[in-house]
Amino acid sequence: MELVSGQDPCLREVVRFAVFCRALALLLQALFNLLIPDHAADAFSPPRLSEPSPWDLLLEQLLGGLSRWDAEHFLFIAEHGYLYEHNCAFFPLYPLSVWAVAEGALWPLRWPLRLRSRLLLSAVLLNSLFSVLAAAALYELGRAVLRCRRVAFLAAVLFSVSPANVFLAAAYSESMFACLAFSALWQLEKGQSWLSGLLFSLASGVRANGLLNAGFFLYSRGKRFALQLQVGPGSVRELPPLWKRLLSLASSAVLMGAGIFLPFALFQYYSYVRFCAPSTSLEQTVPKPLRQLALDKGYRLVAADRVKPPWCSQPFPLVYSYIQDTYWNVGFLRYFELRQTPNFLLALPVALLGSWAAWTYISANPRQCLTLGLERRKSEEEGKPRAGFCSPSVFVYMVHATVLLAFGFFCIHVQVLTRFLGSSSPILYWFSAHLLQEYEPLLWSEGADRQMAAPRSEESLLGESPGSCGNETCENPVVRLLLNWRLITPLSKCILGFFLSYWLLGLMLHCNFLPWT
């Protein structure tokens, strides 16, 4: 609980606002679920194996909107395990955590609530906690990377009204992944390599794109080594011999990379054993309604007919890539069809923001980008690194976000791009905060100098001065802008309009089985 135990008033405000937004989201989804009839979507909808009690029905009325679409997969896996082949597209750490809380902390509720209801309640509680901790971790990460508390504070507040809001609230793995990824990055910035490696490893057990986070660790080690090679002659004598540094770099990279890839490899092995080594005893343990669902929908059931799926015979049998290709038609340019135009329009705001962020950073740091940030700069030698979104320390985050943006736009279902970036990268929030702070005069008042202005002292540069949030109480900048909506610039209205409209529309549409991101 280090994240929320400090005395930083900005951090306390981030946590308070995150709790408020999460509570409001739960209230609104219940209201929308009550007022708007559910759409008859062709989505995964397994049969319930027991009759619901009145308490189950009540919980379904209150929280049922958070169990739609892919949430059904996570809840099904938590209740029954990986029975269907396409369930293996959803990684195990999140459903395992949901099951552990349902059977542990919520064990006293087993009399009024069946397991499915306790799993849903567990998922909502966990996601509420994870989303609050993710906001706090993003604030601390922003302070460490941007070296400007004001922009870090604004970015963390924007995370609480994220356009990916409904997926941070529903029984999806986005909240858990964002919490682990942002916390791991923060620990890496603090120099806690092994702790960050553990958190990265856990994140790769939540979502497949967690494997890309290995790049942060490798870049951190590579940059440190490259900068050591550029130190003056006097300092070289104080460093270990070159061969020792190379050995240390290689060994730490291999060990940390293996640790981050281990959960993915173990899950692929588990899937191989479960689906490629069929057993009649396994098939007999599957309840009859679930076997019938497999027959009706054409789902491949575990241990069915002792026939191996095609992916089992591949040189590297990866069930994840097979499912993405076979079940969801994921691949380069496969989604570029005229009928998918509405989905491209849904993803357009976040695609534009991500592209604008990349162009802004490249324009401000052409040499930094050409040298991959591995060149020792004069400001670094003097111990006074630049602050703000365009600072050199943002480079690796910008590369990561750009890779996610390009992959999401060209290779996967483009409508998921909003939650894909919103739960995996801080860039969406940092750049939006940078634009608001740079171009919104309302945020310049009360001593809030513009973000890109040169700081007057090292204390203000590091973002640690009491006035770096504008005042001691850390007034919430988003609330301030909303209360003065008529006075803010068109750019601010566009940014806040995007965040708030997607925040609200997601609850309204997704929770009633209507198409969304």
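Below is a table of values for the structure above.
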| read-out | value |
| --- | --- |
| Rounded FRET efficiency, nearest 0.05, which uses the C-beta distance separating LYS244 from ARG339 and R0 of 41 Å | 0.10 |
| Overall form of region 66-165 per C-alpha gyration tensor (a/c, 1.5; a/b vs b/c) | prolate |
| Potential extension, ASN329-LEU487 segment - 0.36 nm per residue separation minus Cα distance | 52.2 nm |
| Neighbour-count ranking [beta-carbon atoms within 10 angstrom, fewest first] of VAL307, VAL319, VAL166 | VAL307, VAL319, VAL166 |
| Ranked by how many other beta carbons lie within 10 Å on average, peptides 417-426, 220-229 from highest | 417-426, 220-229 |
| Theoretical gain in end-to-end length, TRP444 to GLU51 [0.36 nm per residue, Cα-Cα removed] | 135.6 nm |
| Point-charge dipole on Cβ atoms (K/R +1, D/E -1) for region 75-187, about Cα centre, debye to 20 | 380 debye |
| Global form of region 143-206, assessed from the alpha-carbon gyration tensor, a/c cut-off 1.5 | oblate |
| Relative counts (whole %) of C-alpha pair distances in region 318-357, using bins that are 10 Å wide | 25, 37, 31, 6 |
| Mean Cβ neighbour count within 10 Å, used as a protection proxy, ranking 143-152, 493-502 highest first | 143-152, 493-502 |
| Helical contribution to [θ] at 222 nm, DSSP H n ≥ 4, -39,500 (n - 2.57), averaged over the chain, rounded to 500 | -19500 deg cm²/dmol |
| Cβ-defined net charge surrounding ALA41, 15 Å radius [Lys, Arg +1; Asp, Glu -1] | -2 |
| Proxy reagent accessibility, fewest Cβ within 10 Å first, across VAL403, VAL157, VAL286 | VAL403, VAL286, VAL157 |
| Distance between modelled label sites at LEU109 and LEU211, nm, 7 Å Cα→Cβ extension | 3.6 nm |
| Under 24 Å between alpha carbons - lysine pairs in the chain that sit 8 or more apart or on different chains | 10 |
| With Cα atoms, 0 to 90° folded angle of helix 490-510 axis to the chain main axis | 20 degrees |
| Percentage relative contact order, the chain, counting C-alpha pairs under 8 Å, at least six apart | 23 percent |
| Footprinting exposure proxy for SER492, SER432 (fewest neighbouring C-beta atoms within 10 Å first) | SER492, SER432 |
| Derived scalar couplings ³J(HN,Hα) [region 138-149; Karplus, 6.51 cos²θ - 1.76 cosθ + 1.60; whole Hz; x for Gly, Pro] | 5, 4, 5, 5, x, 4, 6, 8, 7, 6, 9, 5 |
| Ranked packing of 333-344, 362-373, 71-82, most packed first, by mean Cβ within 10 Å | 71-82, 362-373, 333-344 |
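Each reported figure results from applying straightforward, stated rules to the coordinates on display, with no laboratory input. Only a predicted model underlies this, so the values are computations on that prediction, with no experimental measurement involved. Every residue, glycine among them, receives a Cβ derived from its backbone with ideal geometry; neighbour counts consider all protein chains shown.
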